[in-house]
Amino acid sequence: MVMSMYTLLRNRPQPTMEDITETLAGNLCRCTGYRPIIDGCRTFCQETNCCQTNGSGNCCLDGGKMYSFLLISQEKPQLFDREEFLPLDPTQELIFPPELILMAETASPRTLTFHGERTSWVFPTSLEELVRLKTSNPEAPLVMGNTNIGEHQIKYKGVVHPLIISPTRVTELFEVTQTPQGVWLGAGCSLSEVRSLLEKLVPQFPDEKTELFKALIQQLGNLGSQQIRNVASLGGNIMSAYPNSDLNPVLAAGNCKLSAISSGGRREVSLNQDFFVSFGKTVLKPEEIVVSVFIPFSRKWEFVRAFRQAPRKESSFATVTTGMRVFFSEASRVVQDISIYYGGMGPTTVSAARTCKALIARPWDDEVLSRAYDVLLDELALPPSEPGGKVEFRRSLTLSFLFKFNLEILQKLREAVGLCSSLKKRTKSDLDPVGRPIMHRSAISQATGEAVYCDDVPRTDGELSLALVTSSRAHAKITGLDASEALRIPGVVDVITAKDIPGTKVLTMFGYDEELLAEKEVSCVGQIVCAVVADTRAHAKQGAAAVKVSYEDLPDPIFTAEEAIEKSSFFEPRRMIEKGSVTEAFKSVDRVHEGEIRVGGQEHFYMETQSMLVIPIGEETEFNVYVSTQWPTFTQGTVAKMLGIPSNRVTCHIKRIGGAFGGKITKTSILASIASVAAWKTNRAVRCVLDRGEDMLITGGRHPLLGRYKVGFMNDGSIVAADIQCYINAGNAVDESIQKILLHIDNVYNIPNLRASCAACRTNLPSNTAFRGFGVPQSLIVIENIVDNVAAVLGRPADQIREINMYKGKSVTHYKFEFSPENMLRCWDECKAKSDYSARRRDVEQFNQQHRWKKRGLSIVPIKYGIAFAEAFLNQAAALVHIYTDGSVLVTHGGAEMGQGIHTKMQQVASRELHIPPSQIYISETSTSTVPNTCPSAASFGTDSNGMAVKNACQTLFQRLQPIREKYPKGSWKSWVNAAFFEKISLSATGFHRGPDLHMDWDKMEGQPYAYYVFGACCCEVELDCLTGDSRTVRTDIVADIGRSLNPSVDIGQIEGAFMQGLGLYTLEELKYSPSGLLYTRGPSQYKIPAVCDMPLQFNVYLLSDSHNPHAIYSSKGIGEPILSLGSTVFFAIKEAIAAARSESGLVGPFPLDSPATPERVYLACASPFTQKIPVSKPGSFKPWALNI
């Protein structure tokens, strides 16, 4: 993001907010919540009166890509002093190297050729040379921006091209020529250049001539990201011939053509239904080269439109795209010519020729369009097992897009000839740093790129790279492993198998064993079988690809929770908890409702993938392990066991982690152990850094959940009884998640008769693991969905049903733990007041009455979240503090810095206790050699425990200095420290915190599993496009009870980041598996996390005032996890908007909606007339493209 902004400022020193948000659109960092990044970049914006700058709360561009972010506090915090930074001065920036400019301008450039081990690159300088090269090497790909060949073919598919031709220096491919009929654009022009050229041409001509230009500009604004558009070429985009291309349907509908050249001469080829012959193939011959593309002017009475739907609004491959062009007889509504092309409806861009024929020579009216819908539905059929899935959704979208086109054309005709629409009109302390907003201590180094992560540790002499060989089968015996071909590859040093492990070969957790390296059998795709070490990462990957593993498939693999239930495939123990008499209570209720909800899994998608470097040192089998882990002691112990050595020979170092969210504990220790075995065997340093695709395939994520429930309630809305069954998809190895699911199944509701059970399903998928919230986000949406459906049955607002059933007064949970819900009720009331809930409720209802195809929803959801570990032994921490004679202080503690700001807060704690400025305190790293026996940085308990340990150590030191301070009352900190040294007073101290003795007795179904609760409430408003399923979060208001915050700026950042991660979980992020258990979504192009475009247009965060917490340091509260679950507020706001859309079709009452509420699920749930036209394939009658996990 820093480099994106730098690029923008180099090209536009005074950018607008639109420039900034567009520049940041291709960058992903959901854990920040994006707001602080936008705020930082906004300081370069000169629009001082813009709503985005002054925080007025309403967007000045209705529907545009501009954002308003509010940080509500009594005084605006200043995180930095502007005077400390040099102002932006474009005249002082580095200039482009003149030598390179001169080389580019030389009259006779020379051909450049680069030879690699397996590939050669050639850069020709003329069109004639390019034609000769392509004629003699017709299969050699032409590469301009390398966004397709490099990213998808070479990196992910392992394709090797012996020769690659890069014509970036062939000037003829960049020429632009204007003619009376249109404009010829060079095929080498980048998509950004094409967009810029078209934007410059539009104001130069009458509107009627630029219809096609404007449609292309619209599509180019959504295609990829700014970074991709800057390098991807127009010709490359066309010739990639992707079936879901954004541009090709528009170009084809607009009667565009291209000019191609070969040794046989030039020819012009129309971009029409005959141009795209199969997946990734066009009618052009292999030796032909696209030189330019012709884009014609439109005519009077000709209209062109483009539509797309994608999993995310920006930087996302489209699900379905379309280009539509219609030409009317002058001053009439009779169709003279029409062309409609779709992407995403087959292996190629397809023409709806029969539909067009049904419209030609007919008037543009509802009767004709109604027949056209039926023709289109029949013409663009997809088999139920079509690659990409979403068949019902994709077919429905073709109808919706045609209807959208109809609405826009009717509007144009009304403006032009006064035609009446057939649509019905609708009615309407001075130095104390604790509690102050202090900047994250690593913020500057991270922004400048100087922050050191694991893979930034310099290479050592003889260092090897490690690549993994993973199973390609979900359930099979290993019948053979042949590494001979891999060992013959230059640079490959060794292959590590289970036989090489000198110590324990399995990791035992919760009573179950997980193999370090699979030896006899594999139980999921992605299970690690062996590893290859080589001198470079590229050679290691080549070696891994050359290892041959043979299998014998075992019968009946299990992938879904339903299959596991049917076959009783569970990990033990299964848990159950009950309060009251559920069976008896159901006999006395007024109404009973039954249902189920599925919650999909979630990928951690940390910015830094799993990374580790193992260096053998010394002569007694010692190892330094530099690793990105949340629990260094666990990694230390696992490595020691696998190597058969004591833990004191293994030292784990963690400088910082590039995000973790619970995903860098179990699997990290396994990966570090494999790297350690390789380092032990070769006696050389071994580095292992996973690619994003490998990481997603191997590591697992949040557990998918199937929740089934039966709820009994009275007509006044009070819930009397609930029976809930939860099944989590654990994957092929056990992980403890069911406990928190059951303990939070009540959320904030006092249900007198409650029974809940939970089972971990054993399936043949990669083991799922801890993820921020660890079961609570799944349990919360189950209980909130129950409450929501009770409201739907009764026809009452959901917030009323929530209020009726909340804990009030002195309360007792279903596990017999007493607590006060006072702050929870305060959060609820304050959230309603701050969000102006009542007035906006009326506005939403009015909006929905006035709009047929757009609907709004408003929802408010509370939360009660338990903090600390139910396993009492994990609630402890230690610290080590040194004071040096120059007065500087070094603090070490057991917490891992993973972006959450724990080092910053520890610095604040030490500063308060030692009464010195934070600038004199330094935290270098977390290491098992300085603080042993650490507990994981998890459960939102890191600051609570480590803060108390640091406090304890600092208090010890401060007390030791007491005699010195009394002896020299006018001395300085440095003089006191020096005097203490000369008087032989120890300036080093350890600190320890023995946390609460928490417990849970599952036999008695009672206990105190948490130290305290964090409360909160969130109100969200969304706007839904009923014709595509796209939604936009209009406004979000969060009130959080976090006690007395140690650092409000860091905590608000945690709140915003957690909310955005929750928004992704409940509305956007979707994992897809093949019928054989292979994860399809292995990278950002398939798996969509929230981006800048997904932020609420108005984002307000409030911290509950006058809140105290005696159970944590300085009366603060842990905040890392709780707010993530409040992302469900967006889900329920969407659900309310869907209900409004369904009411237009006469559908009322509860309806099923699974999480995430993707555009596909939302669109189908709206039950528009178009979705009802699509026949539903009978389950079991076909093999689905993807499993419903």
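The values are calculated or read from the model by the stated rules, or taken from the named source; none is laboratory data. What you see is a predicted model, and the numbers here were worked out from it, not measured in a lab. Don't worry about glycine lacking a Cβ; one is built from the backbone with ideal geometry, like all the others, and counts go over all protein chains shown. Calculation scope for accessible area: heavy atoms of the full protein, side chains included, ligands and nucleic acids excluded. Shrake-Rupley method; radii C 1.70, N 1.55, O 1.52, S 1.80 Å.
The residue list Tyr865, Asn875, His893 was ranked by how far each Cα lies along the charge dipole of the range 825-903 toward its positive end, using unit charges on Cβ atoms, and Tyr865 comes out on top. Projecting the Cα atoms of Ser298, Asn978, Ile657 onto the charge dipole of the chain (Cβ charges, centred on the Cα centre) puts Ser298 farthest toward the positive pole.
Relative to the compact-globule estimate of 2.2 N^0.38 Å, the Cα radius of gyration of the range 140-207 comes out at 1.47.
Helix content alone sets the calculated 222 nm mean residue ellipticity of the chain: runs of n ≥ 4 DSSP H residues at -39500 (n - 2.57) each, divided across all residues, give -9000 deg cm²/dmol. Each Lys and Arg contributes +1 and each Asp and Glu -1, all at the Cβ; summed about the Cα centre of the chain, the dipole is approximately 1360 debye. What's the local net charge at Phe819, with K and R +1, D and E -1, over the other residues with C-beta under 10 Å away? Charge balance near Phe819 sits at 0. Stokes-Einstein diffusion of the range 1097-1144 at 4 °C, 1.567 mPa s viscosity, Kirkwood radius from Cα pairs, rounded to a whole number: 92 µm²/s. Listed peptides 552-562, 460-470, 581-591 appear in the order 460-470, 552-562, 581-591 once ranked by packing, highest mean of other Cβ atoms within 10 Å at the front.
Residue separation of Glu619 and Glu596 scaled by 0.36 nm, minus their Cα-Cα distance, works out to 2.3 nm of gained length. In this structure, the residue pairs whose Cα-Cα separation is over 26 Å, taken from Lys281/Lys1173; Lys740/Lys808; Lys655/Lys984; Lys951/Lys1117; Lys390/Lys854; Lys209/Lys855, are Lys281/Lys1173; Lys655/Lys984; Lys209/Lys855. Set against the 2.2 N^0.38 Å expectation for a compact globular protein, the chain has a Cα radius of gyration ratio of 0.97. Sorting the segments 669-676, 605-612 by their mean number of nearby beta carbons within 10 angstrom, highest to lowest, gives 669-676, 605-612. The Rg/Rh ratio of the range 1000-1135, with Rg taken over Cα atoms and Rh as the Kirkwood radius over Cα pairs, comes to 1.06. Note on the range 677-755: Rg/Rh from Cα positions, Kirkwood definition for Rh, rounded to two decimals, is 1.30. Here each label is just a point 7 Å from Cα along the line to Cβ, and for Asp89 and Arg994 those points are 6.1 nm apart.
What the chain shows is 40 Å² of accessible area per residue, with the surface traced by a 1.4 Å probe over protein heavy atoms.
Measuring how big the range 724-842 is from its alpha-carbon positions, Rg and Dmax come out at 16.8, 50 Å. Taking the alpha carbon gyration tensor of the range 501-646, multiplying each eigenvalue by 5 and rooting it gives semi-axes of 43, 22, 17 Å, largest first. Within the range 441-460, what residues put their amide N at less than 18 Å from the label point 7 Å along the Cα-to-Cβ vector of Ser929? Taking a point 7 Å out along Cα→Cβ of Ser929, the residues of the range 441-460 whose backbone N falls under 18 Å are 454, 457-460.
Apply the a/c threshold of 1.5 to the C-alpha gyration tensor of the range 895-1022 and tell me whether it is rounded, prolate or oblate. Prolate.
When +1 charges are put on Lys and Arg Cβ atoms and -1 charges on Asp and Glu Cβ atoms, the dipole computed for the range 220-355 relative to its Cα centre reaches about 220 debye.
Our analysis of the range 564-671 gives Rg over Rh at 1.26, with the two radii drawn from alpha carbon positions and Rh computed by the Kirkwood formula. Our estimate of slack between Thr504 and Leu554, defined as 0.36 nm per intervening residue step minus the Cα-Cα distance, is 15.3 nm. For the range 245-258, the Karplus equation 6.51 cos²θ - 1.76 cosθ + 1.60, evaluated at θ = phi - 60°, returns couplings of 4, 7, 8, 4, x, 6, 4, 5, 5, x, 6, 7, 8, 10 Hz by residue, with Gly and Pro reported as x.
For the range 141-274, which whole-number percentage of the solvent-accessible area (1.4 Å probe, protein heavy atoms only) is attributable to carbon and sulfur atoms? Whole-percent figure for carbon plus sulfur exposure: 50. Note that the range 1048-1059 has calculated 3J(HN,Hα) couplings of x, 5, 5, 5, 5, x, 5, 5, 5, x, 5, 4 Hz, one per residue in order, obtained from phi through the Karplus relation 6.51 cos²θ - 1.76 cosθ + 1.60 (θ = phi - 60°); glycine and proline are x. With the charge dipole of the chain set up from +1 on Lys and Arg Cβ and -1 on Asp and Glu Cβ about the Cα centre, the Cα lying farthest toward the positive end among the listed residues Gly700, Ala756, Asn768 is that of Ala756. With R₀ set to 56 Å, the beta-carbon distance separating Lys520 from Leu112 gives a calculated FRET efficiency near 0.60.
Taking a straight Cα-Cα cut-off under 20 Å and skipping sequence neighbours fewer than 8 places away in the same chain, the aspartates and glutamates within cross-link reach of Lys155 are Glu117, Glu139, Asp455, Asp535, Glu608, Asp691, Glu694, Asp695.
Computed as a quarter of the hull surface, the mean projected area of the alpha carbon convex hull for the range 865-932 stands at 5.9 nm².
Overall, the accessible surface of the range 808-943 at a probe of 1.4 angstrom is composed of carbon and sulfur to the extent of 51 percent. Could you list log10 I(q)/I(0) for the range 269-321 at q = 0.22 Å⁻¹, which the Debye formula gives when each Cα is one point scatterer? For the range 269-321, the Cα-only Debye profile gives -1.06. Take each peptide in 1171-1183, 307-319, 892-904, count the other Cβ atoms within 10 Å of every residue, and average; sorted highest first, the result is 892-904, 307-319, 1171-1183.
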